[in-house]
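Structure, as structure tokens:
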Amino acid sequence: MDNRTSFENEYDALMDQAYQGFDQLLYNMNLLNKNLETLDAIGREFQQPAKLWESFHRGIAVPAPVRENAPNNVKPS
């Protein structure tokens with residue numbers, strides 16, 4: 001004979017569902033964290049080549065020539 005009430009049975013079933021939901025949430029949060037760490041690592045791998053290209057770009061960049069008739073260089077009459 002079952003000494004438990006239907007309320008207790010329903011309560012236990014709902015608590016089991018809640019525990020399963022929290023387990024799934026924990027799993028998904030760990031998976032998200034792993035993916036974010038992977039993205040961070042990939043981003044760090046691109047830092048050095050990006051700095052190299054930036055240095056290359058600065059090295060070959062030619063300053064724009066100053067034009068005589070440019071608005072900033074207009075001499076008052």
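Numbers at a glance
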| item | result |
| --- | --- |
| Residue list for the range 1-49, filter: among the β-branched types (V, I, T) and surrounded by 10 or more Cβ atoms within 10 Å (Cβ to Cβ) | T38 |
| Boolean, L52 is at pLDDT 95 or above, assigned to a helix (DSSP H, G or I) and not acidic (D, E) | no |
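The values are calculated or read from the model by the stated rules, or taken from the named source; none is laboratory data. Small disclaimer: the values here were computed from a predicted structure and weren't measured. Note: ideal-geometry Cβ built from the backbone for every residue, glycine included; neighbour counts use all protein chains shown.
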